[in-house]
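As structure tokens, the structure follows; a few thoughts come after it.
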Amino acid sequence: MKQENNDINTFFSNSTISITSILEMTNEAVMILDKNLNISAIHQKTKELFLKLYGQVDFEDSKSIFSILPASQKLLKKELVLECLSGEPFEYDLQVSAYDRSLVQINCGFIPLKEEEQIIGIYIRFSEESYQTSRKPAKPGYDVNLFELFMEHAPLRAWITDKRGKMHYMNSNYKKAFGIPAEVDSKLLSDLFPNHWAQTYLADIHNVLKTNETSIVIGKGKRSTGVDGVFKFTRFPLRVHGETMVAGWAVDITEQEELQEKLLETEQNKKRDVIRSIIETQEKERRQLSIELHDNVNQILSSCKLMLETAKENKEAASQLIDKCYLNLITAINEIRNISHELNPSAIEDIGLTDAITDLIENINSLGKIFIEYHCQGCREAHLDVTDKVAIYRIVQEGLNNILKHARASKVSIHLYFKEQTVYLKIEDDGIGFDLKNIHRGIGLKNIEHRIAYYQGALSIESSPGNGCSLTIQLTLPTVGAQ
């Protein structure tokens, strides 16, 4: 290549030899550009080669080669030509898809032309022949065919369009979706798409050209199945042969959007279930409070009222009736205290978690229908927030309520164990048990699960018909300190 470079420059330095003479002396496809990349001379074989590659090309002297060749041409890359103008000769090989869709192997040589050490133009030679391993390898990064192969098989739609709405490139994925023929070069959008698609397309092009910025939008598009879908469109300005065009790609995100909607719907349903459970729990507690007040406290106070009225009329029995009334009032006070402990979290803050659980258990044991034993290990309540105390207490309370309602148990054991930031709770009963496959998650169990989920904990249930039930619960409490 160095010898060829010297020979060419020798010809140009000899003023008796014209450019025309140089072209006449060679039998290769040759073209000469001036330093402005305009055509100074072109060999007939070059015209024949370009005709084979690109179809009809109108060559004119003193006109830029990049304004004459179609946008889809692969032989000349402006950045390479400019590199040659800086004084560096080079050559490369590539395959080009010809106008008749055949593949043509071409070697391209670029030689800077100098006059008095000043570069005045470029001598370009095209050799249509098989690749020779002895030649200098093609420069990395300019394998156009590799890029084309990638774009044709990429799972996206890609295109290049000018400001007039003329299509200069469209990959196979895009063509397939709209049933467009293979050849789209220089066809208008209105020739390729339905009118409403073409108008929207053209408006998007003008918007990118107006802002001269990349546009990324989510919108409707036609899927490969023929139905509408959701696509992510990326459009950006692209300088091509002195003209700013708009290039872009579209990715089908319909399935991702549908999945996102399902996840959002699931999350909303889950929130509604939590809210409904909270409301149902509140209503349940109100009903329970109403029953307790009506059946116990109200009955006791009504009895006191009757005894006092009788005492006013019967002086002889007054002393005895007043004593009974006093005992009933003590009972009423204790009933109200029990209800307060069950409903008011501040009671837990006042007397402590362990004492609150112990008080709850003693009240149940006093009924004589069931026996509950309670063990606590490693409990250091100073490191517990009141919210955490209430959560643990409510889990124990809900667990015992479920046993009292459904288990028909005679004995229950509760083990509470603290270790660093982890709380372990185990509630076992000797009741009738149940089939885990047919477990019914009532409000009580749902409330336990919600509290466990809040503390990013875990719940394990072991049970079978006739063999009681065991709940093992693990909670992570960030307010628990190290021991």
The stretch 359-388: number of residues that are closer than 17 Å to Glu335 by Cα and either at pLDDT below 85 or in contact with a Cys (Cβ under 9 Å, 6 or more places away or on another chain) (or both): 2
Per-region count, the stretch 409-468, residues hydroxyl-bearing (Ser, Thr, Tyr), under 24 Å from Ile361 (Cα atoms) and within 42 Å of the chain's Cα centre (by Cα): 5
Residue that is farthest from His406 (Cα to Cα), among those in the stretch 419-457 that are modelled with pLDDT of 90 or more, hydrophobic (A, V, I, L, M, F, W, C) and open to solvent by less than 50 Å² (accessible area, probe 1.4 Å): Val423
Residues of the stretch 39-81 that turn out to be modelled with pLDDT under 80, hydroxyl-bearing (Ser, Thr, Tyr) and more than 18 Å from Gly121 (Cα to Cα), as a count: 1
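Please tell me if Lys163 is assigned to a loop (DSSP other than H, G, I, E, B), exposed (fewer than 15 other Cβ atoms within 10 Å of the Cβ) and at pLDDT 80 or above. If you could, list the steps in order and put the result at the bottom.
On the way: assigned to a loop (DSSP other than H, G, I, E, B): yes; exposed (fewer than 15 other Cβ atoms within 10 Å of the Cβ): yes; at pLDDT 80 or above: yes.
When the stated conditions are applied, Lys163 passes them.
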Breaking point among (1) within 20 Å of Arg164 (Cβ to Cβ); (2) open to solvent by 50 Å² or more (accessible area, probe 1.4 Å); (3) of a type outside the set (Lys, Arg); (4) modelled with pLDDT of 85 or more, for Thr214: (1)
Within the stretch 364-390, tally of residues that are surrounded by 14 or more Cβ atoms within 10 Å (Cβ to Cβ) and touching a Phe, Trp or Tyr at 6+ places or on another chain (Cβ under 7 Å): 2
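Residue-wise test of (1) part of a helix (DSSP H, G or I); (2) out of contact with any Lys or Arg (no Cβ under 9 Å at 6 or more places or on another chain); (3) of a type outside the set (Lys, Arg); (4) modelled with pLDDT under 85.
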{"residue": "Lys284", "(1), (2), (3), (4)": "yes, yes, no, yes"}
{"residue": "Leu289", "(1), (2), (3), (4)": "yes, yes, yes, yes"}
{"residue": "Asp295", "(1), (2), (3), (4)": "yes, yes, yes, yes"}
{"residue": "Asn298", "(1), (2), (3), (4)": "yes, yes, yes, yes"}
{"residue": "Leu301", "(1), (2), (3), (4)": "yes, yes, yes, no"}
{"residue": "Leu308", "(1), (2), (3), (4)": "yes, yes, yes, no"}
{"residue": "Ala311", "(1), (2), (3), (4)": "yes, yes, yes, no"}
{"residue": "Gln320", "(1), (2), (3), (4)": "yes, yes, yes, no"}
Pairs with Cβ under 6 Å, 6+ apart, first in the stretch 149-160 and assigned to a helix (DSSP H, G or I), second open to solvent by less than 40 Å² (accessible area, probe 1.4 Å): Met151/Ala158; Met151/Asn171; Glu152/Asn171
Condition check for Ile68: closer than 22 Å to Arg239 by Cβ, of a type outside the set (S, T, N, Q) and crowded, with 16+ Cβ neighbours inside 10 Å: yes
The stretch 458-483, residues that are surrounded by 12 or more Cβ atoms within 10 Å (Cβ to Cβ), within 20 Å of Arg394 (Cβ to Cβ), modelled with pLDDT of 85 or more and not aliphatic (A, V, I, L, M): Cys469, Ser470, Thr472, Gln474, Thr476
Enumeration of residues in the stretch 420-445 that are among the charged types (D, E, K, R) and more than 21 Å from Ala409 (Cβ to Cβ): Glu420, Lys437
Flag for Tyr374 being assigned to a strand (DSSP E or B) and under 43 Å from the mean Cα position of the chain (by Cα): no
His415 vs. criteria surrounded by 13 or more Cβ atoms within 10 Å (Cβ to Cβ), in contact (Cβ under 8 Å) with a residue 60 or more places away in the chain and in contact with a Leu (Cβ under 9 Å, 6 or more places away or on another chain): no
Pair list, Cβ under 8 Å, 6 or more apart: the stretch 355-371 residue farther than 15 Å from Val390 by Cβ, other residue of a type in the set (Lys, Arg): Ile370/Lys411; Phe371/Lys411
Checking Phe371 against (1) closer than 25 Å to Tyr454 by Cβ; (2) touching a strand residue (DSSP E or B) at 6+ places or on another chain (Cβ under 9 Å); (3) of a type in the set (A, V, I, L, M, F, W, C), the condition it does not meet: (1)
Of all residues making up the stretch 94-151, the number that are β-branched (Val, Ile, Thr) and either open to solvent by 80 Å² or more (accessible area, probe 1.4 Å) or at pLDDT below 85 (or both): 4
Residue list for the stretch 339-358, filter: surrounded by fewer than 17 Cβ atoms within 10 Å (Cβ to Cβ), modelled with pLDDT of 85 or more and of a type outside the set (Ser, Thr, Tyr): Asp355
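The values are calculated or read from the model by the stated rules, or taken from the named source; none is laboratory data. Not measured: the values here are computed from a predicted model. Heads up, the Cβs are rebuilt from the backbone with ideal geometry, glycines too, and the neighbour counts pull from every protein chain shown. Keep in mind that these areas ignore ligands, DNA and RNA; they rest on the heavy atoms of the full protein, side chains included. Shrake-Rupley method; radii C 1.70, N 1.55, O 1.52, S 1.80 Å.
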